[in-house]
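Enquirer: Structure below; questions to follow.
The values are calculated or read from the model by the stated rules, or taken from the named source; none is laboratory data. Being a predicted model, the structure only gives us computed values, none of them experimental. Here the Cβ positions follow ideal geometry from the backbone for every residue, glycine too, while neighbour counts run over all protein chains shown. Heads up: the accessible areas ignore ligands, DNA and RNA and are worked out on the full protein's heavy atoms, side chains in. Shrake-Rupley method; radii C 1.70, N 1.55, O 1.52, S 1.80 Å.
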Amino acid sequence: MLHISRYENAQAAPLIERALELAEESGSLIVRADALGARATLLRHQGELDEAERLYEEALAILAESGGAVLRGKLTNQLALAAWAKRDLSRAERLLRDAIRILSAVQDRGTLCESQRMLGEVLLEQGRIDDAERFALASRETVGPEDVASRASTRLSLARVRAAQGRDVEAEKLFRDGLDIVEGAHYPRIAANLRKFYARFLRDRGRHADANAFDTERSSVLVIGPELARSPE
């Protein structure tokens, strides 16, 4: 739902409750699983990670019986984000690998590239830089040319890998390219994460004035997600 993707929680909540009511009336298991996933995502944005995980798992259990591979892949991604937010990196890795397997089979490139780039970041946070590079590069190959959000987010993931490798020129270009892509678009989480990690990159290299400028820009943007549970780093 658009309000969820924009972290407009107050607007999303009543729509999700209505979607759950309609799902019950429809009798469709896939529709119910989708609505449960939406409620779980809202709870994840609000920091209620345990309840979010429970609802994701309930939705995935429904899909195990009813099919819906694309939705299964998407909700597995979301469950991985909840695990990542709780700093359970091993579980997040396992779930993202499952999502990649599911989504590769159905060739859902839009969601697959997100699974790949998130797995790259999870591996990076475990210190497995070579593996992280492999998945970050794979996400850049998978992303479609019209997918604005993922064109930016996959650049962020690869930028983090390049920074860890000491390939600073490439990293900085990726950060800046990602920011250029989302400029003027309504993707507050992606824009805020790009600014946050770019500011960290600059500060780590002694460029404090430049970093502070990005921190100032970021201060007006609400960031909610695994990045804030402990700001995966």
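Enquirer: Out of all the residues in the stretch 90-124, which are among the charged types (D, E, K, R) and either surrounded by fewer than 24 Cβ atoms within 10 Å (Cβ to Cβ) or farther than 21 Å from Asp34 by Cα (or both)? Don't jump to the end; show me each part of the working.
Expert: As a first pass, look at the stretch 90-124 and keep what is among the charged types (D, E, K, R): 91, 93-94, 97-98, 101, 108-109, 114, 117, 121.
The answer is Arg91, Glu93, Arg94, Arg97, Asp98, Arg101, Asp108, Arg109, Arg117, Glu121.
Enquirer: Tell me the residue from Gly127, Gly178 that is under 22 Å from Arg205 (Cα atoms), surrounded by 19 or more Cβ atoms within 10 Å (Cβ to Cβ) and not aliphatic (A, V, I, L, M), please.
Expert: Working: Gly127 fails: surrounded by 19 or more Cβ atoms within 10 Å (Cβ to Cβ).
From the options Gly127, Gly178, the qualifying one is Gly178.
Enquirer: Taking Ser231 and the conditions (1) modelled with pLDDT under 90; (2) polar (S, T, N, Q); (3) assigned to a helix (DSSP H, G or I), which numbered condition does it fall short on, given that it satisfies the others?
Expert: For Ser231, the exception is condition (3).
Enquirer: Got at least one residue in the stretch 137-146 being open to solvent by 30 Å² or more (accessible area, probe 1.4 Å), over 16 Å from the mean Cα position of the chain (by Cα) and at pLDDT below 95?
Expert: So far as the stretch 137-146 goes, yes, one or more of its residues are open to solvent by 30 Å² or more (accessible area, probe 1.4 Å), over 16 Å from the mean Cα position of the chain (by Cα) and at pLDDT below 95.
Enquirer: Sticking with this structure for a sec: Out of the helices (runs of 4 or more DSSP H) lying entirely within the stretch 91-176, which hold 2 or more residues that are in contact (Cβ under 8 Å) with a residue 40 or more places away in the chain?
Expert: Output list reads 109-125, 148-164.
Enquirer: Out of all the residues in the stretch 49-63, is one or more modelled with pLDDT under 90 and over 20 Å from Gly110 (Cα atoms)? Don't jump to the end; show me each part of the working.
Expert: Pass one, the stretch 49-63, residues modelled with pLDDT under 90: none.
No, the stretch 49-63 contains no residue that is modelled with pLDDT under 90 and over 20 Å from Gly110 (Cα atoms).
Enquirer: What residue, among those in the stretch 59-89 that are without any contact (Cβ under 8 Å) to a residue 24 or more places away in the chain and not in a loop (DSSP other than H, G, I, E, B), is least open to solvent (accessible area, probe 1.4 Å)?
Expert: By that ranking, first place goes to Ala61.
Enquirer: (1) part of a helix (DSSP H, G or I); (2) under 27 Å from Tyr56 (Cβ atoms): which one isn't true of His186, the others all being true?
Expert: (1)
Enquirer: Kindly indicate which of Ile4, Ile16 is under 17 Å from Glu114 (Cβ atoms), at pLDDT below 90 and crowded, with 16+ Cβ neighbours inside 10 Å. Lay out the reasoning, then the answer.
Expert: Values: Ile16 fails: under 17 Å from Glu114 (Cβ atoms).
Only one candidate passes the filter, namely Ile4.
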